[in-house]
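The structure appears right after this line, and notes come after that.
Just so you know, all these numbers are worked out from the coordinates, no wet-lab data involved. Everything numeric in this text was worked out from a predicted model, so none of it was measured. Here the Cβ positions follow ideal geometry from the backbone for every residue, glycine too, while neighbour counts run over all protein chains shown.
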Amino acid sequence: MSDDLDAIQAIFFEECAEGLVAAEAGLSQLAAGSRDPEVIAAVFRAVHSIKGGSGAFGHEALLGFSHRFENVLDALRAGRLAPTEPLLQLLLQSSDMLADHVAAARAGAPAPADEAVAAQLDAWMIADPPAPIDTAPAVATQEDEFGFAPIAVSFEDFDAPALPAADPTTAWSIRFRPSSAALANGGEALLLLREVERLGGEVLSCDCTALPPLGEMDPEGAYLLWTLSAPGELAEDELRDCFDFVAPDSLIEIERAVERAPEPTPVEPVAMVPQDPTPPPSPPPFVERRQSDRGESIRVDLAKLDGLLNLVGELVIRNSILADRLGPTEQDRVELPQLSRLTRSIQDMVMSLRAQPIQQAFNRVPRILRELESETGKKVLLEVSGEATEVDKRVVERISDPLTHMIRNAVDHGIEPVEQRLAAGKPAAGTIRLSAQQRGGRIILRVEDDGGGINREAVRARAIERGLIAADAILSDEEIDQLICAPGFSTAATISNISGRGVGMDVVRSNIEGLGGRVEIASEPGVGTSFTLVLPLTLAILDGMVVRLGGQRFVLPLQSVVESVRPEPGQVSALTPDSEVIELRGSYLPLRRLAEFFGIRGAEEKPENGLVIVVEDGSAGQVGLFVDTVDDRREVVIKSLDQNLHPIRGLGGATVLGDGSIALILDVDAIIGTAPAVRQPRELAA
């Protein structure tokens, strides 16, 4: 297979992935009670597109199953089948099987065993009565196959001689001329003609009059026009399906082969009038152009966007170097502020290109839950919110495995069996809530269940057995909860397909920390458990405040900063030997000395000689961070520490400053997550 065909096939599999997402979303809506015809049509279009491409690339097993799947969806769309619970369950199973077929075709692996599901699809088609024959006058219509507004063109709309109503049994006439763009994109005309022949069609002629002399011929040009006929009993949709992947500037004309009635000849013409040799215009047939009013789009390799983002990062660094070497007056003279704004605009545009809705990761969850329900016998309802939240493409890709592990953990360890839930006065079906939201420069992803909560006694006992903690260790509830993320830790009594192998939540923590995020766990016995992933919104560029600690420079993300304060004598006081607070406008905020947090020597110790930067987190509230001084505010490029260092709590990466030196970027959420809660004055007095 040539490199060009490999590239085209890769695009096909990307479209398959998008189609599977759309089909899963639509079927989930139907299973939830929706009966919107557009939802059914969207599922049909997704499966139909996969079927069309699979035939063009020779994936016979995928073609055969998707064709069965499409037939049932077509009957459902036409109203010949009712969306009953058994049928919807079969369609969900078929969607899962279709995903397995796509994965096998993409990997070049053997096709999955689909005999059972295929037999059920065939059984529904046997029960499906034939579609009624439409005897309405001929109207050329285009179904909304690609999300475009439906178009209807009636022959009566044109100023032409009236045509007799087309007999539905009259053969179809098809004229097809591919464009150069269609050929460049792999739209092989021979395959399309064979698809029409497979439906019973026949090639009548090939018009070669547009062929130039050999010396003037463009080897990548398109010059041929085919005329075909097809049986009249075929639906127009079936014929148009054959041309799904043709470029929009190709000619596709499909109409009934209705002969025009001869015009009456005048018996006694009064005068001879010169006649126009040009024949009268015939009614324009329906020509499919597929031009979207929502704008054009192209597919871009993510590696190219990564390269572009790296170049923008280098531009930011060079801008920072110029700012360091030029004074304020010189900066204005060389229009450095305008260059900075232009750089930021380019950066924002690149980041918007990389942004993807987190829904792409969420769409895998319904299938996972169906498999888990089948394996465990438990009943689980899924509630999703915030799926439109956009994050960096890399984040979407790398949270799929952690999300899978958390869902499996919630069902296996969280949700109780039906009998146990009923005995506890709970609904028979457990509920898992999956949500995402943007908070400042972070994405908060949360998986909650209403199960039995973490059995802390069992966790502690297993941790002692594994040697993770001493038998006499005194741990808080939060510390015990965090033990489930230890490598190899599991409380499962037996090894199953779901759990018991000691691989799960440790993968979640390592993957999330590798992204510069963290995992928070909260649980209440008998009520449920919540896993919260705090992730960076972007992995590229941020606005930062450059601070000093003992002669070393760090970058504090600006989106977390509320204000900076130079404390007066007595404004900072100690609660215990290990905790301090700062009084600020009648309230007391916890104070963290960053030099002590990182073990840096030589830092300022007296609060009145340093600065307190007040930062805020959605869960911990406001906390004061004590630093020596603030140097500057800069836009910095984030460089990952993963390839050279293991994840370090409190650090989110590194950057290159304008003078070429390296500064570490602080992870504010991780730092203030270890701070004590905010105390009010009356609590201090007590």
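A few remarks follow.
- Ordered by the count of other Cβ atoms within 10 Å of each Cβ, fewest first, ILE662, ILE454 give ILE662, ILE454.
- Sorted peptide list for 423-432, 89-98, 44-53, criterion being average Cβ within 10 angstrom, highest first: 44-53, 89-98, 423-432
- Relative contact order of region 3-127, defined on C-alpha pairs under 8 angstrom at six or more residues apart (%): 26
- Amide H contacts for ALA171 (H built 1.01 Å from N in the peptide plane; partners 5 or more residues away or on another chain; cut-off under 5 Å): GLY232, ALA257.
- Built amide H within the under 5 Å cut-off of LEU381, gap 5+: GLY430, THR431, ILE432
- Model label sites at GLN356 and ALA181, defined 7 Å from Cα along the beta-carbon direction, differ in position by 2.6 nm.
- Our estimate of slack between LEU211 and GLN437, defined as 0.36 nm per intervening residue step minus the Cα-Cα distance, is 75.5 nm.
- Long-range HN-HN contacts of SER250 with modeled amide H, under 5 Å: SER179
- Least to most buried among CYS485, CYS242 (fewest other Cβ within 10 Å first): CYS485, CYS242
- One chain, two ends: ARG35 and LEU251. Fully extended at 0.36 nm per residue, the span grows by 74.2 nm beyond their Cα-Cα distance.
- Nearest-0.05 FRET efficiency for GLU335 and LEU575, computed from C-beta distance (R0 60 Å): 0.70
- Net length gained if the chain between ALA107 and MET349 were fully extended (0.36 nm per residue, minus Cα distance): 83.7 nm
- In this simple spin-label model, placing a label point 7 Å from the Cα along the Cα-to-Cβ direction at both VAL418 and ASP301 gives a separation of 5.2 nm.
- Cβ-derived FRET efficiency at R0 51 Å, LEU204 paired with LEU558, nearest 0.05: 0.15
- Charge context of VAL527, other residues only, Cβ under 11 angstrom, K/R +1, D/E -1: -3
- Region 359-536 - percent relative contact order, Cα under 8 Å, separation 6 or more: 24
- Model label points for ALA10 and SER510, set 7 angstrom from Cα along the Cα-to-Cβ axis, are 2.8 nm apart.
- Computed from the Cβ-Cβ distance with R0 of 56 Å, the FRET efficiency linking GLU616 to THR170 stands at 0.15.
- Order of ILE40, ILE126, ILE11 - criterion: other Cβ atoms within 10 Å of each residue's Cβ, fewest first: ILE126, ILE11, ILE40
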